[in-house]
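The values are calculated or read from the model by the stated rules, or taken from the named source; none is laboratory data. Everything quoted here is computed from the prediction, not taken from an experiment. No Cβ is skipped: glycine too gets one built from the backbone with ideal geometry, and neighbour counts run over all protein chains shown.
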Amino acid sequence: MSRILSQMCAWLCGIRSACTFCGTALICLGVGVQSFGQSQEASAEFERIREEMNEGVRLLKEGQVELGKRALEVCYAELRARVPNDSSSVTGHYLLGLCSYNLSKRYTAMRHVKVANDLDPGHVQAAALAAKLYQKKGDGAAAITVLERCRVENPDNEMIQRSLAELYRWSGDSVAAIASFESLLELDPENKRYFNHLLELYLEVQDAEKAEVFFTSLVEEGVISEGDKSLRMVELYLDKGDYRQVPRLLQAAKKEGVSQELQDAYSKRYYRSMGEASLEEGNFSRARLFIERARKLDAEDQELTVLLARCYLEELDHEKASDLLLGLLDSKPESADYYAYLAEALNGTGRHQLAYDIVGIGYELAQKQGNETAMKQFLDTRAAMDETNRQLTAQ
């Protein structure tokens, strides 16, 4: 009997143990279900608050400032009650940051969104908001760092790639910006925004080959004409200082029926650029030839007249230089170079007193313009003229 009782007790204890285990499992499952339910409930609440925030932003945009601010402040208070500082809710901290941003509280916004970033560097919206806040502070490097961390977690996210591309461009990193926009355009070949960004960047870095491909695409789409394309390429090559292709492109623009006014404007710029380049090289006769061609297209351009006078001065033809420059004196040019060249030309023709007076006028202009380099040059010129006069008087 005792043995049977012992077996029965053991059997009963086994059932109790099993039930205890099963009961524990049910309790754990219950907790799991309850936690899942709470998570769903929190998500629903966050979504509701987000919608109310959007309504507040809409009111602000419509000019109903007080109503909009009040709605956003209510949202912030609700979020604050649900998301304490030590909360691990990435969405909660992000929404607190977004709400603060919409209330123009950037410092508070950054504090909240930084917590969200630290909890989850791959949270796309939080990273984008943090980058925007850093950019508004002028800290492009920090903005780029946040987005690059996020890109590691989201390599195919177009918004992050686009934001990075625009930030690279904003911060002056044209190479990185081009690489990013090229990748984006591969993903979305019809995106005109990416296309335009890339074309502007190719022009900035003076990549003539790629820019021409894009201009050709615009011609094929009927956005610009072949003549427009030729002139845009002329502009690019002139900015680049590569003049070899310009005559061919100007001829192409002429064949395409570009207006005479535009032809003259671009030809004048080409001749002037060639003249200035020749001056820098010390080829003064060639420089004069190109400047004279430019002046034939626009005889009223004072800068071209001054450049031509400089050519004559370099060739020691002071008479021609002074004649050209004196013709501008009544118009009182606002150029320190003009008075410096005129003084040199007059001095070379023996009109020393007039040259001395011109130096004084040039110095006053340079002083007015805050041009310290020109001021020093005029003072040095005056000192040299004073020394020459002293020596002549001593003789």
(message) Under 8 Å between Cβ atoms, which residue pairs at least 6 apart in sequence (or on different chains) link something in the stretch 288-300 that is free of Cβ contacts under 8 Å to residues at least 24 places away in the same chain with a partner that is assigned to a loop (DSSP other than H, G, I, E, B) and of a type outside the set (Lys, Arg)?
(response) Arg295/Asp301
(request) Kindly indicate which of Arg286, Arg272 is within 34 Å of the chain's Cα centre (by Cα) and farther than 20 Å from Leu342 by Cβ. (result) Arg272
(request) Please go through the stretch 100-114 and pick out each residue that is closer than 17 Å to Cys150 by Cα and either of a type in the set (Val, Ile, Thr) or not in a helix (DSSP H, G or I) (or both). (result) Val113
(request) Starting from the stretch 43-55, take each residue that is under 14 Å from Ser89 (Cα atoms) and of a type outside the set (D, E, K, R) and list its partners that are modelled with pLDDT of 90 or more and assigned to a helix (DSSP H, G or I), counting only C-beta distances under 7 angstrom and pairs at least six apart or across chains. (result) Phe46/Thr91; Phe46/Gly92; Phe46/Leu95
(request) All but one of (1) part of a helix (DSSP H, G or I); (2) over 26 Å from Asp301 (Cβ atoms) hold for Gln377, so report the exception by its number. (result) (2)
(request) Check off (1) under 15 Å from the mean Cα position of the chain (by Cα); (2) surrounded by 13 or more Cβ atoms within 10 Å (Cβ to Cβ); (3) not hydroxyl-bearing (Ser, Thr, Tyr) for Val219 and give me the number that stays unchecked. (result) (1)
(request) Run down Glu261, Glu319 and say which single residue is touching a Gly at 6+ places or on another chain (Cβ under 9 Å), at pLDDT 95 or above and exposed (fewer than 13 other Cβ atoms within 10 Å of the Cβ). (result) Glu319
(request) Test each condition in (1) more than 29 Å from Pro247 (Cβ to Cβ); (2) in contact with a Gly (Cβ under 9 Å, 6 or more places away or on another chain); (3) crowded, with 18+ Cβ neighbours inside 10 Å; (4) not hydroxyl-bearing (Ser, Thr, Tyr) for Val359 and report the one that comes out false. (result) (2)
(message) Can you confirm whether Glu314 is within 46 Å of the chain's Cα centre (by Cα) and either modelled with pLDDT of 90 or more or closer than 30 Å to Tyr271 by Cα (or both)?
(response) yes
(message) Can you report the number of residues in the stretch 52-99 which are more than 31 Å from the chain's Cα centre (by Cα), in a helix (DSSP H, G or I) and among the β-branched types (Val, Ile, Thr)?
(response) 4
(message) Looking only at the stretch 171-187, count every residue that is assigned to a loop (DSSP other than H, G, I, E, B), free of Cβ contacts under 8 Å to residues at least 24 places away in the same chain and surrounded by 15 or more Cβ atoms within 10 Å (Cβ to Cβ) and tell me the total.
(response) 1
(message) Anything in the stretch 116-142 that is within 25 Å of Glu55 (Cα to Cα) and in a helix (DSSP H, G or I)? List them, or say none.
(response) Ala116, Val124, Gln125, Ala126, Ala127, Ala128, Leu129, Ala130, Ala131, Lys132, Leu133, Lys136
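Residues checked against (1) buried (at least 16 other Cβ atoms within 10 Å of the Cβ); (2) touching a Ser or Thr at 6+ places or on another chain (Cβ under 7 Å); (3) not aromatic (Phe, Trp, Tyr):
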site: Asp156; (1), (2), (3): no, no, yes
site: Ser163; (1), (2), (3): yes, no, yes
site: Arg169; (1), (2), (3): yes, no, yes
site: Tyr194; (1), (2), (3): yes, no, no
site: Lys210; (1), (2), (3): yes, no, yes
(message) Anything in the stretch 188-205 that is in contact (Cβ under 8 Å) with a residue 12 or more places away in the chain and not acidic (Asp, Glu)? List them, or say none.
(response) Tyr194, Phe195, His197, Leu198, Leu199, Leu201, Tyr202, Leu203, Val205
(request) Scan the stretch 120-159 for residues that are closer than 12 Å to Tyr101 by Cβ and among the charged types (D, E, K, R) and jot them down. (result) Lys132, Lys136
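Residues are listed down the side, and each one gets a yes or a no for (1) part of a helix (DSSP H, G or I); (2) surrounded by 19 or more Cβ atoms within 10 Å (Cβ to Cβ):
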site: Leu199; (1), (2): yes, yes
site: Val234; (1), (2): yes, yes
site: Arg244; (1), (2): no, no
site: Arg248; (1), (2): yes, no
(message) I'd like to know if the stretch 292-311 contains one or more residues that are in contact with a helix residue (DSSP H, G or I) (Cβ under 6 Å, 6 or more places away or on another chain), buried (at least 16 other Cβ atoms within 10 Å of the Cβ) and farther than 30 Å from Gln263 by Cα.
(response) no
(message) Suppose we filter Leu119, Leu133, Leu103 for residues that are more than 20 Å from the chain's Cα centre (by Cα) and closer than 27 Å to Arg70 by Cβ; which single one remains?
(response) Leu103
(request) Kindly provide the set of residues from the stretch 353-374 that are within 36 Å of the chain's Cα centre (by Cα) and either part of a helix (DSSP H, G or I) or polar (S, T, N, Q) (or both), ordered by number. (result) Leu365, Ala366, Gln367, Lys368, Gln369, Asn371, Glu372, Thr373, Ala374
(message) Would you confirm, using the coordinates I've provided, whether Ser230 is of a type in the set (Ser, Thr, Tyr), under 36 Å from the mean Cα position of the chain (by Cα) and assigned to a helix (DSSP H, G or I)?
(response) yes
(message) Only one of Val90, Val65, Val152 is surrounded by 15 or more Cβ atoms within 10 Å (Cβ to Cβ) and not charged (D, E, K, R). Can you tell me which?
(response) Val90
